[in-house]
1. Quick one: in the range 178-198, of everything that is over 15 Å from residue 2 (Cα atoms) and open to solvent by 50 Å² or more (accessible area, probe 1.4 Å), which residue is nearest to the ligand (Cβ to nearest atom)?
2. How many residues, within the range 144-177, are within 11 Å of the ligand (Cβ to nearest atom) and assigned to a loop (DSSP other than H, G, I, E, B)?
3. In the range 64-106, how many are hydroxyl-bearing (Ser, Thr, Tyr) and farther than 18 Å from residue 147 by Cβ?
4. Would you say residue 128 is in the same structural domain as residue 157 (by TED's automatic domain parsing) and either open to solvent by less than 30 Å² (accessible area, probe 1.4 Å) or within 14 Å of the ligand (Cβ to nearest atom) (or both)?
5. Within the range 102-114, how many residues are in contact (Cβ under 8 Å) with a residue 24 or more places away in the chain, in a loop (DSSP other than H, G, I, E, B) and not small (Gly, Ala, Ser)?
6. Could you count how many residues in the range 13-29 are within 16 Å of the ligand (Cβ to nearest atom) and over 12 Å from the mean Cα position of the chain (by Cα)?
Amino acid sequence: MVKKLKIGVLASGNGSNLQAIIDRILRGDLPAEVVCVITNRSDAFALERANNHGITAFYLNHRDFSGRAAYDAALVAALKGEGVELVVLAGFMRIITRVFLDAFPQAVMNIHPALLPSFPGLHAQQQALDYGAKVTGCTVHFVDEGTDTGPIIAQAAIPILPDDTVETLSQRIHLQEHLLYPEAVKLYAEGRLRVEGRRVVVSGIHTSPQSSLLNPSA
Ligand code: GRF
């Protein structure tokens, strides 16, 4: 039997990427198990999604801690307590500190709604529209101490249409995110990712993992 990767998901909001990962696991196409979901907002819909699937889920308020490092130490303790091997950030609106990264070396992933290194940080869709870019997309990367600067695992490109608003563009980016993030987690679960400096080498495929290649009908 294939060993299942134990995933912990951190989310602050809707959790549609969490849902995409759960759905892919339920389809039997991702050898992993979401063992816990933690949010820093009591009203995060991600909590409800986790509950719907019987996944351990709780709210940990960052305001109850003296600072970022103390909060991260509590997150690490909770995740380690559940046996988490890979931490997946899914719309988690907090900067992760060294305390966290040292506890999960090259085992923290994030998804960003732009083609990094373009448009890091907040409001990436608005940044792309304001800049007049013709193409944007989404990026799955390992997390380092910078903001959206870690080694890139997978990307998907999306055209920006003349009438696009932040809402329409965000919707199309989300559709791609829901394909790309589970795929990146799957590559990790299968032990196919190796970080060499800034590059993530993916064994077994000879093109970049990007969702239009992974799912030609998308
Ligand atoms: C996504 O757009 C992701 O790129 C960004 O936060 C958003 C989370 O969306 N990091 P959801 O909560 O998974 O629906």
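1. Taking the candidates together, the pick is 178.
2. 1
3. 1
4. So residue 128 fits the description; yes.
5. Adding up the residues that qualify gives 3.
6. Selection size over the range 13-29: 6.
Results for (1) touching a residue at least 60 places away in the same chain (Cβ under 8 Å); (2) outside any helix (DSSP H, G or I), shown as yes or no for each residue.
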| residue | (1), (2) |
| --- | --- |
| 47 | no, no |
| 58 | no, yes |
| 63 | no, no |
| 76 | no, no |
| 84 | yes, yes |
| 91 | yes, yes |
| 100 | no, no |
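Conditions (1) among the hydroxyl-bearing types (Ser, Thr, Tyr); (2) open to solvent by less than 60 Å² (accessible area, probe 1.4 Å); (3) under 17 Å from residue 178 (Cα atoms), marked per residue:
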residue: 5; (1), (2), (3): no, yes, no
residue: 16; (1), (2), (3): yes, yes, yes
residue: 35; (1), (2), (3): no, yes, no
residue: 45; (1), (2), (3): no, no, yes
residue: 53; (1), (2), (3): no, no, no
residue: 76; (1), (2), (3): no, yes, no
residue: 86; (1), (2), (3): no, yes, no
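The values are calculated or read from the model by the stated rules, or taken from the named source; none is laboratory data. Bear in mind that the values here come from a model prediction, so they are computed numbers and not experimental data. Neighbour counts run over all protein chains shown; Cβ positions are idealised from the backbone, glycine included. Note: accessible area is taken over every heavy atom of the protein model, side chains too, but ligands, DNA and RNA are not part of it. Shrake-Rupley method; radii C 1.70, N 1.55, O 1.52, S 1.80 Å.
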